[in-house]
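Each remark here refers to the structure printed beneath this line.
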Amino acid sequence: MSQLQGEIPPVVLGVDVGSTKILVGYVEEDGTVCRSQCYPMNRRNQQAAVAAVTSAVGDFLGQPWAGGAPLAFGMGLVGQTDLAGRTWIQCMNIPVRRPVPIADLMAERHGLGGRIDNDVHAATLAELRLGAGRQTDDFIYLNLGTGIAAGLVCGGRLVRGASNYAGEIGHQVVEPDGAPCDCGRRGCLEPLASGGGVIARVREALGDARSATGPSSVLQELSVQGRLSFSTVCQAARNGDSLAERIADRALRALGIALVNLINLLNPRLVVLGGGAVEDRLIAHLAQWVEREALPAARAALEGIVPSPLKPDWVGLIGAACLAWDHLRDQERSRDPCG
Ligand SMILES: [Zn+2]
C-alpha cells in the first residue's frame, strides 16, 4: 500500500483473540502498532465468547482516534478456523462447539472486510514477514504460552494442512498414559509443559501432598499468592525445591522430546520461540536436548533456537494485521489481474 509524504499512514484493525484476553489495535503495514487495547475474554459459553470479541471491537472502533479509518480487519483466533479465512470452526480452550461466521459478523456489525486465521498461524505470518523470515525460509515458530502450538514454515510458506489445522504440537503425545488433556486423551505435551499445564500439575501434586502429609514446598506459598507460572516453578526448581524440580524436569523433558520430533520431521534452519514462557535458561536446555537427541543431519542444518525478535505481547496482533494486509493485496489483485 503506497503512501505519500505527509499523509496519515494507512492502518488496519488487528484482533488477537486468545483464551484469556482479546487484544485489539491499529497496525501499519510495517508492523507498527499505533494504538492498542486489551479486553477480557468471556469463556462462559460460545455466545458469551463471540459477544466478548464483537463488543471489544465495537468499543475500540468507537473511541476517538486521530488516524485514518482502518482499511480492513485481520483476526487471529485460538482454535480451528477455515481455510477461506471466514469461519471460527471450533476451539478447545474456549467453548466454541459450533462454527461461527465471524468474518460475516465483522462485516455486518462493523462494516469491515478482512479475514481470520488461527492465532499461532497469524503470529507465524508476522514472524515470516517481519521477523525470522527475513533470515530464512525454513523455520518453526513454537508458541509456549497458556497453550502450546507451532507454526511450520517450509520453503517460505506457512504449512496449513488439509483443513488449516497443521501445527497442533501441543497434542503430540510425549508421555503415554500421562496427564489428562482437554482433547480427551492422555500424555499430550500441553498439559505437561504449557503455562496452564504446569500450574495444573502443581495443584494436583499439592493436593496429593496434603492428603499424604508430604514434604512442604515453596510452590504451596506461590499457589496461595497466585504467583504460579512456568518461570516461577523453574526458579523454585533451581533453588532446590524438590517438588518444583520434579514438575519442571517433566515439563522440560516433554518439550525436548516434542521439539526434537519436530526438528527431525521438518529439518528447519531456525526454531523461533514465542509466548510468555520463553527465557534464556529454557532456550539453553532445549539446545542441549537437540544437540544430544536430534538426528545429526537435522542438527547440523539447525542454526539456532532463538527468541522471537518481535515484541511477545504484540506478535499475535501484528500477525492478525498481516492477514488484513493480505486481504487488501488480494482484493487489489482481483481488481487488476494484470497488476
Ligand atoms: Zn491433547
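Structure data summary
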quantity	calculated
Tabulated pairs, region 300-314, first buried (at least 17 other Cβ atoms within 10 Å of the Cβ), second part of a loop (DSSP other than H, G, I, E, B), C-beta under 6 angstrom, 6+ apart or interchain	S308/G131; L310/G131
In region 282-315, the residues that are among the charged types (D, E, K, R) and within 21 Å of the chain's Cα centre (by Cα)	K311, D313
Tally, over region 5-22, of residues that are in contact with a Ser or Thr (Cβ under 6 Å, 6 or more places away or on another chain) and either modelled with pLDDT of 95 or more or under 17 Å from G114 (Cβ atoms) (or both)	0
Verdict on A122 being at pLDDT 95 or above, more than 16 Å from the ligand (Cβ to nearest atom), on the phi < 0 side of the Ramachandran plot and surrounded by fewer than 23 Cβ atoms within 10 Å (Cβ to Cβ)	no
Residue within region 24-40 that is closer than 14 Å to D313 by Cα, in contact with a Cys (Cβ under 7 Å, 6 or more places away or on another chain) and surrounded by fewer than 19 Cβ atoms within 10 Å (Cβ to Cβ) present	no
Filtered residues of region 287-307 (kept if under 20 Å from G147 (Cβ atoms) and at pLDDT below 95)	P307
Residue within region 65-73 that is in contact with a helix residue (DSSP H, G or I) (Cβ under 7 Å, 6 or more places away or on another chain), assigned to a strand (DSSP E or B), at pLDDT 95 or above and not small (G, A, S) present	yes
Evaluation of G184 against (1) touching a residue at least 12 places away in the same chain (Cβ under 8 Å); (2) assigned to a loop (DSSP other than H, G, I, E, B); (3) not acidic (D, E) (one fails), failing number	(1)
Residues being in contact (Cβ under 8 Å) with a residue 24 or more places away in the chain, within 15 Å of the ligand (Cβ to nearest atom) and either assigned to a loop (DSSP other than H, G, I, E, B) or out of contact with any Gly (no Cβ under 6 Å at 6 or more places or on another chain) (or both) - total across region 128-177	8
Unmet requirement for I94, which otherwise passes all of (1) under 16 Å from I116 (Cα atoms); (2) of a type in the set (V, I, T); (3) in a loop (DSSP other than H, G, I, E, B)	(1)
Residues satisfying the stated conditions in region 187-202, i.e. more than 10 Å from the ligand (Cβ to nearest atom) and either basic (K, R) or outside any helix (DSSP H, G or I) (or both)	S194, R201
Criterion (surrounded by 15 or more Cβ atoms within 10 Å (Cβ to Cβ), more than 30 Å from R157 (Cβ to Cβ) and of a type outside the set (F, W, Y)) met by exactly one of L259, L252	L252
A205 being away from the ligand (no atom under 16 Å from the Cβ), touching an Asp or Glu at 6+ places or on another chain (Cβ under 6 Å) and over 30 Å from L317 (Cβ atoms)	no
Test result for D182, acidic (D, E), within 15 Å of the ligand (Cβ to nearest atom) and closer than 16 Å to N93 by Cβ	yes
From the options D59, D117, residue that is within 20 Å of Y26 (Cβ to Cβ), touching a residue at least 12 places away in the same chain (Cβ under 8 Å) and out of contact with any helix residue (DSSP H, G or I) (no Cβ under 7 Å at 6 or more places or on another chain)	D59
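The values are calculated or read from the model by the stated rules, or taken from the named source; none is laboratory data. All values derive from a computational prediction rather than experimental measurement. Virtual Cβ from ideal backbone geometry, glycine too; neighbours counted across all protein chains shown.
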